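Visitor: Handing you a structure now.
The values are calculated or read from the model by the stated rules, or taken from the named source; none is laboratory data. Note that the structure is a prediction, hence the values are computed from the model and not measured. Counting neighbours? That spans all protein chains shown, and the Cβs are built from the backbone with ideal geometry, glycine included.
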Amino acid sequence: MKWYDPPVAFARWDPIRDLLIHQRLDRFAPDTAGWKPPVDLFETAEAYIVNAELPGLTRDDLRIDFHDSRLTISGIRRDVGAACEHYHRLERGHGSFSRTFQLPHPIEAEAIVADLRDGVLRVTCPKTTDVEQRRIFVT
């Protein structure tokens, strides 16, 4: 032992805590794609269903594509806020976004439907045994 050993700080590492912190930061911090709307993806016996929160967006702001078992929802939210010199709080995401989901079961591309209602986009992807590709238009 030397005449002076610096004190050593010990901290217990909690990987779950670190993961939760990163998830919270990812939720609000824009990445290279702009922002990420929250999405629920679930499966029934007949289909995969995607619900995305997209308040303030119209059909013209969205694009939905299906190719190689991947569903991609993309779009843009324009900043409609008032012109100001200083924001006190800015939490709503603006700009472009893109979310892609790999669906494990073959989808009947011609039967995919998308509905935008009350700020929630619902995309229903029926399961099939055929593999197809198609662009989906929001109704």
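Visitor: So which of ALA11, ALA45 ends up being modelled with pLDDT under 65 and either among the aliphatic types (A, V, I, L, M) or in contact with a helix residue (DSSP H, G or I) (Cβ under 6 Å, 6 or more places away or on another chain) (or both)? Give the derivation first.
Guide: Details: ALA45 fails: modelled with pLDDT under 65.
Result: ALA11 is the single residue among ALA11, ALA45 that is modelled with pLDDT under 65 and either among the aliphatic types (A, V, I, L, M) or in contact with a helix residue (DSSP H, G or I) (Cβ under 6 Å, 6 or more places away or on another chain) (or both).
Visitor: Among the residues of the range 70-96, count how many are under 30 Å from ALA111 (Cβ atoms) and in contact with a strand residue (DSSP E or B) (Cβ under 6 Å, 6 or more places away or on another chain). Step through it out loud before you land on a result.
Guide: Narrowing the range 70-96 to residues under 30 Å from ALA111 (Cβ atoms): 70-77, 96.
Right, trim to in contact with a strand residue (DSSP E or B) (Cβ under 6 Å, 6 or more places away or on another chain) and you get 70-76, 96.
Final tally of qualifying residues: 8.
Visitor: Further, regarding this structure: Out of the residues in the range 108-130 meeting the condition of being within 12 Å of ILE49 (Cα to Cα) and of a type in the set (D, E, K, R), tell me which one is farthest from the chain's Cα centre (by Cα). Quick ask: steps written out before the conclusion?
Guide: Applying the first criterion (within 12 Å of ILE49 (Cα to Cα)) to the range 108-130 yields 112-115, 121-127.
Next, only the ones that are of a type in the set (D, E, K, R) stay: 115, 122, 127.
On the way: ASP115: 17, ARG122: 13, LYS127: 22 Å.
The residue in question is LYS127.
Visitor: Looking at (1) surrounded by 11 or more Cβ atoms within 10 Å (Cβ to Cβ); (2) at pLDDT below 95; (3) small (Gly, Ala, Ser), find the lone condition where ALA52 falls short.
Guide: The number of the failed condition is (2).
Visitor: Go through LEU20, LEU62 for me and flag whichever is modelled with pLDDT of 65 or more, surrounded by 11 or more Cβ atoms within 10 Å (Cβ to Cβ) and more than 13 Å from VAL123 (Cα to Cα). Walk me through it before giving the result.
Guide: Numbers: LEU62 fails: more than 13 Å from VAL123 (Cα to Cα).
So the residue among LEU20, LEU62 that is modelled with pLDDT of 65 or more, surrounded by 11 or more Cβ atoms within 10 Å (Cβ to Cβ) and more than 13 Å from VAL123 (Cα to Cα) is LEU20.
Visitor: Tally up the residues in the range 108-128 that are out of contact with any Asp or Glu (no Cβ under 6 Å at 6 or more places or on another chain), more than 14 Å from GLY56 (Cα to Cα) and modelled with pLDDT of 95 or more, please.
Guide: 7
Visitor: I need the full set of residues from the range 70-81 which are modelled with pLDDT of 75 or more and assigned to a loop (DSSP other than H, G, I, E, B), in order please.
Guide: Passing the criteria: only ARG78.
Visitor: Run down HIS94, HIS67, HIS105 and say which single residue is under 21 Å from ASN51 (Cα atoms), surrounded by 15 or more Cβ atoms within 10 Å (Cβ to Cβ) and at pLDDT below 95.
Guide: On the way: HIS67 fails: surrounded by 15 or more Cβ atoms within 10 Å (Cβ to Cβ); HIS105 fails: surrounded by 15 or more Cβ atoms within 10 Å (Cβ to Cβ).
The unique qualifying residue is HIS94.
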